[in-house]
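Written below as structure tokens is the structure these notes are about.
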Amino acid sequence: MLTFFSVVLAAIIFEYSNGFHDAANAIATVVSTRVLTPRKAIAMAAFFNLTGALLGGAVASTIGKGLVDTNVVTMSTVLCAVIAAFAWNIATWWFGLPSSSSHSLIGGLCGAALAAARGNWSVIKWNAGVWPKVIVPMVTSPFAGFIFGGLLMFLLFLTLQRFTPHFVQSLFGKLQIFSAAWMAHSHGTNDAQKTMGIITLALFTGTKAGSFDHLPGWLVFLKTPVFALPVWVTILCAATMAVGTAAGGWRIIRTLGHSMVKLQPVHGFAAETSAALIIQGASYYGIPLSTTHVISTSIMGVGAVKRFSGMKWRVVERIIWAWLFTLPASGLIGYALVRAAAAL
């Protein structure tokens with residue numbers, strides 16, 4: 001039981017860090033364009049992250065049972081996976097890099113499971129899970145964000161060139177509030193689901209192992225004989241994500257909202273709308289997408305249409321390196337933690 005409560009505590013800490021780490025995904029553009037003050041933007045993002053997190057469960061199922069063989073997973077394995085993801089999150093947050101919390105959790109889980117299976121790669125569901133739902137979207141979603149963001153910006157540019165700058169600024173100053181809210185909601189439907197899947201995996205694993213057989217009556221709700229998302233896990237993770245979002249992620253907000261390209265409300269609207277559309281579609285199909293990848297490349301696409309030479313490509317290069325290293329780095333940390341725990 002102590003291990004289980006450690007898993008839940010670690011998962012909640014990770015979910016909290018996910019909230020403040022990825023808060024920038026929803027509000028960087030609306031803050032940088034000065035449509036909302038940082039305080040109001042964070043409050044809005046926290047609320048809509050909560051509404052999104054309470055809906056659906058397809059992504060949670062993918063994380064919990066679609067990536068690794070649950071037969072080799074123990075509570076210690078899950079704990080090491082979450083600690084690995086949290087460690088990578090904090091490292092990239094410290095340097096202001098918008099890396100993927102999703103991929104850090106997936107990498108940590110795969111690395112920990114691989115170590116638990118003593119290097120047997122067959123425990124990773126490559127063909128049915130990791131390849132189609134992680135690797136392929138990891139490559140295609142940034143391109144989709146860049147192309148859709150740039151295309152929407154180009155269409156808006158053609159449509160609005162007859163109107164005065166004052167009219168465009170006023171109109172999209174209002175519309176961007178709705179696009180930022182949608183972005184926050186879609187972020188909740190995808191990112192909060194991942195920790196729900198991890199906690200449910202711990203419950204399912206503990207039930208199979210008999211860890212909950214002698215619980216007092218008031219803890220019987222912990223028993224999860226089949227992999228199904230409990231209501232209390234959904235509410236707990238949704239609330240934690242919202243609180244973490246409310247804490248803000250100022251370092252990453254500065255990187256996304258100011259360092260890559262200077263935005264105006266119409267650009268923020270185009271980036272947020274295209275990103276939210278992609279993320280919402282992925283959540284429907286249970287794909288644990290990197291919301292960070294999508295919004296970052298949507299901003300890049302919009303910025304490239306605005307003025308290609310205005311993009312700060314050195315910042316973009318740093319972000320891309322963080323993306324590439326996230327899966328292997330968090331996987332290595334997860335693997336090392338399990339092996340270290342086994343040696344104790």
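The values are calculated or read from the model by the stated rules, or taken from the named source; none is laboratory data. All values derive from a computational prediction rather than experimental measurement. With ideal geometry, Cβ positions are generated from the backbone for all residues, glycine too; neighbour counts draw on all protein chains shown. Note: accessible area is taken over every heavy atom of the protein model, side chains too, but ligands, DNA and RNA are not part of it. Shrake-Rupley method; radii C 1.70, N 1.55, O 1.52, S 1.80 Å.
Scanning segment 109-155 for residues that are in contact with a Phe, Trp or Tyr (Cβ under 8 Å, 6 or more places away or on another chain) and either exposed (fewer than 13 other Cβ atoms within 10 Å of the Cβ) or modelled with pLDDT of 95 or more (or both) yields GLY111, ALA112, LEU114, ALA115.
Residues of segment 31-45 that are out of contact with any Gly (no Cβ under 8 Å at 6 or more places or on another chain) and in contact (Cβ under 8 Å) with a residue 60 or more places away in the chain: LEU36, ALA41, ALA43, MET44, ALA45.
Residue count for segment 185-234 under the criterion of being polar (S, T, N, Q) and touching a Phe, Trp or Tyr at 6+ places or on another chain (Cβ under 8 Å): the result is 4. The set of residues in segment 87-107 that are assigned to a helix (DSSP H, G or I) and out of contact with any Ser or Thr (no Cβ under 6 Å at 6 or more places or on another chain) comprises ALA87, ILE90, ALA91, TRP93, TRP94, SER101, LEU105, ILE106. Pairs are defined by a Cβ separation below 6 Å, a sequence spacing of at least 6 or placement on different chains, a first member in segment 1-20 that is of a type in the set (D, E, K, R), and a second member that is open to solvent by less than 40 Å² (accessible area, probe 1.4 Å); the pairs so defined are GLU15/THR195; GLU15/CYS237; GLU15/THR240; GLU15/MET241. Return yes or no: is PHE86 open to solvent by 10 Å² or more (accessible area, probe 1.4 Å) and more than 15 Å from the chain's Cα centre (by Cα)? Here the answer is no, as PHE86 does not meet what is asked. If SER309 passes every condition in (1) at pLDDT 80 or above; (2) open to solvent by 10 Å² or more (accessible area, probe 1.4 Å); (3) polar (S, T, N, Q) but one, which one does it miss? Checking SER309 against (1) at pLDDT 80 or above; (2) open to solvent by 10 Å² or more (accessible area, probe 1.4 Å); (3) polar (S, T, N, Q), the one that fails is (1).
Could you say whether any residue in segment 312-328 is basic (Lys, Arg), modelled with pLDDT under 90, open to solvent by 10 Å² or more (accessible area, probe 1.4 Å) and not in a helix (DSSP H, G or I)? Checked segment 312-328: at least one residue is basic (Lys, Arg), modelled with pLDDT under 90, open to solvent by 10 Å² or more (accessible area, probe 1.4 Å) and not in a helix (DSSP H, G or I).
Would a scan of segment 177-194 turn up a residue that is in contact (Cβ under 8 Å) with a residue 24 or more places away in the chain, of a type in the set (S, T, N, Q) and out of contact with any helix residue (DSSP H, G or I) (no Cβ under 6 Å at 6 or more places or on another chain)? Checked segment 177-194: no residue is in contact (Cβ under 8 Å) with a residue 24 or more places away in the chain, of a type in the set (S, T, N, Q) and out of contact with any helix residue (DSSP H, G or I) (no Cβ under 6 Å at 6 or more places or on another chain).
Of the residues examined, LEU79 is not one that is open to solvent by 20 Å² or more (accessible area, probe 1.4 Å) and assigned to a loop (DSSP other than H, G, I, E, B).
Answer yes or no: is there a residue in segment 4-24 that is assigned to a helix (DSSP H, G or I), within 26 Å of THR297 (Cα to Cα) and either of a type in the set (Val, Ile, Thr) or out of contact with any Ser or Thr (no Cβ under 9 Å at 6 or more places or on another chain) (or both). No, segment 4-24 has no match at all.
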